[in-house]
1. Given a 10 angstrom Cα cut-off, can you work out which residue in 49, 121, 176 is the most mobile in a GNM of the chain?
2. Rg and Dmax of the stretch 24-119, using alpha carbons, in Å: what are they?
3. Work from the charge dipole of the chain (Cβ charges, +1 for Lys and Arg, -1 for Asp and Glu, about the Cα centre) and give the residue of 190, 210, 46 farthest towards its positive end.
4. Add -39500 (n - 2.57) for each DSSP H run of 4 or more in the chain, then divide by its residues: what number comes out at 222 nm, to the nearest 500 deg cm²/dmol?
5. Using Cα springs under 10 Å in a Gaussian network model of the chain, which residue among 66, 12, 206 shows the largest mean-square fluctuation?
6. Need the full-extension length gain, residue 240 to residue 113, defined as separation in residues times 0.36 nm minus the C-alpha distance. One decimal, nm.
7. With the chain treated as a Gaussian network of Cα nodes joined by springs under 10 Å, which of 107, 62, 205 yields the largest mean-square fluctuation?
8. Report, in debye and to the nearest 20, how large the dipole of the chain comes out about its Cα centre when Lys and Arg carry +1 and Asp and Glu carry -1 on their Cβ.
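Coordinate-derived values only; no laboratory data. Here the structure is a predicted model, which is why all the values come from computation and not from measurement. Cβ sites come from the backbone with ideal geometry, for glycine too, and all protein chains shown count toward neighbours.
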Amino acid sequence: MTPFIAEVLGTALLILLGGGIVANDLLNGTKGKGGGWMTITTAWGLAVFVGVVVAGPYSGAHLNPAVTIGLAVAGKFPWADVPTYLAGEFLGAMIGSSLVYAMYKDHFDATADAGLKRAVFCTDPAIKNNFRNLLSEILGTFVLIICVLYFANPQISDGKGTPIGLGSIGALPVAFVVWGIGLSLGGTTGYAINPARDLGPRIIHAILPIKGKGSSGWSYSWIPILGPIIGACLAALLYHILS
């Protein structure tokens, strides 16, 4: 399995399980409807665990452009490999969200609220305030990337002794980090902390013929892209200064 395929598969599994819990919690007629924030944050953490377990041995399991860019800025990942990883991450996110729709289509059809349907695919702020929404994504991603950088284990590397991603930490600690971010910092925006996790499924939402889907929320879409990238770069810079 190549790193590109590993990133596609790992990210697809991440979004399948992560988007799946949102669908199970929000859409009408599911057995998990109304499970609440604890079930959502827990399942997203476990989704990261699954993605990292599968992709880790082959790509380092970035599964997130913010991780890829943050590691590159910190000098722990080659810039030449960044485009390949980003392509895999976005493609995997689109595949995963498409599978969620295919599985839950009957429940999408049974749900009238367009906002709930869109929430299965991408994030929205609880209270729209561009500055604070952006700050939320910056801070959440900063926590993720600073943990990745300080947890990194050189035993899993790019072959030259350089740690290459979430897989270099081990799946369980990463899952706990993402779970903690969701519980503590996720209430304002839904904590995308991953540009591929938000943009890939948002594109699928726009493409698919979802009954009564409404807008894909493009006016907000730049925040879960830019915020995580800024947060990742800030974490990498601080790590570089303190190391």
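1. Its mean-square fluctuation being the largest, the pick is 176.
2. My reading of the Cα-based Rg and Dmax gives 16.6, 49 Å.
3. Of the candidates, 210 comes out farthest on the positive side.
4. -22500 deg cm²/dmol
5. Among 66, 12, 206, the largest mean-square fluctuation in the Gaussian network model of the chain belongs to 206.
6. Details: separation 127, 0.36 × 127 = 45.72 nm, distance 4.60 nm.
Gain in length upon complete extension: 41.1 nm.
7. Taking springs between Cα atoms under 10 Å, the residue moving most is 107.
8. Dipole of the chain, to the nearest 20 debye: 340 debye.
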